[in-house]
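Data first, discussion second: the structure below is written as C-alpha cells.
Each reported figure results from applying straightforward, stated rules to the coordinates on display, with no laboratory input. All values derive from a computational prediction rather than experimental measurement. As a convention, Cβ positions derive from the backbone with ideal geometry for all residues, glycine included, and neighbour counts pool all protein chains shown.
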Amino acid sequence: MKPTTGEWITKAEADFATAQRESRVRKNPNYDGICFHYQQCAEKYLKARLCEAEIPFGKIHDLVALLEQVLKVEPNWEIFREDLSYLSDFAVAFRYPGESSDKKSAVEARRLCSFFRKTARSSLRLRK
C-alpha cells in the first residue's frame, strides 16, 4: 500500500470514529456533525482508492464526482451512486444555516457510510 493511501485511510477512520462517538451523546448530539463526519469518511475512502490506483483527483467534496473516477478501477461501486449522492449533501449544505440534520438522517448516514466503508476496506485489503 502506498504511504499516502494509508494516510487517507487513517483520516477516514478518524472521521468514522468521531461520528460514532458523537452518535452516542445523549444530550444535544450534533447531528450535522455526525452526518458531516460520515460524509468525510466516505470521501476519504474514495480518495484512498484513487490514490492507490494512481488516479489523480482534485480538492473536491462531491462524492459522485469522485465515484465517477473510481469506477475505472472499481466498476462494481456503481451500486453506491445513490448512497454517495445522499452523503455528499452533508459536505457543505448542512454546514451552514438553512439546512439541518436530525436523528433520522444521522442514522441513515451511518448505515450508508458503514456499508460503503466495509466495501472500500475490503478493496484496499484491510481488515473489516
Over 28 Å (Cα to Cα) - which of LYS44/LYS72; LYS27/LYS47; LYS11/LYS103; LYS72/LYS104; LYS27/LYS104; LYS2/LYS59 fall in this group: LYS27/LYS47; LYS72/LYS104
Over the chain: helical MRE at 222 nm, DSSP H runs n ≥ 4 each giving -39500 (n - 2.57), nearest 500: -20500 deg cm²/dmol
3J(HN,Hα) from dihedral phi, the range 31-42, Karplus parametrisation 6.51/-1.76/1.60, rounded to Hz, x for glycine, proline: 5, 4, x, 4, 4, 4, 5, 5, 4, 4, 4, 4
P(r) of the range 1-74 over all Cα-Cα pairs, binned every 5 Å from zero, in whole percent: 3, 17, 25, 21, 15, 9, 6, 3, 1
For the range 103-119, Karplus couplings with θ = phi - 60° (6.51, -1.76, 1.60), whole Hz, Gly/Pro x: 4, 4, 5, 5, 5, 5, 4, 4, 4, 5, 5, 4, 5, 5, 4, 4, 5
Rg in Å to one decimal, and Dmax rounded to a whole Å, for the chain via C-alpha atoms: 14.0, 44
The range 23-128: chymotrypsin sites (Phe, Trp or Tyr not before Pro) in DSSP coil with no more than 16 other Cβ atoms inside 10 Å: PHE57
Residue among LYS27, LYS72, LYS103 with the largest mean-square fluctuation in a Gaussian network model of the chain, springs linking Cα atoms under 10 Å: LYS27
In sequence order, calculated HN-Hα J values of the range 66-74 (Karplus, 6.51, -1.76, 1.60; Hz; x Gly/Pro): 5, 4, 3, 6, 5, 4, 4, 10, 10
Relative contact order [Cα under 8 Å, 6+ residues apart], the chain, whole percent: 29 percent
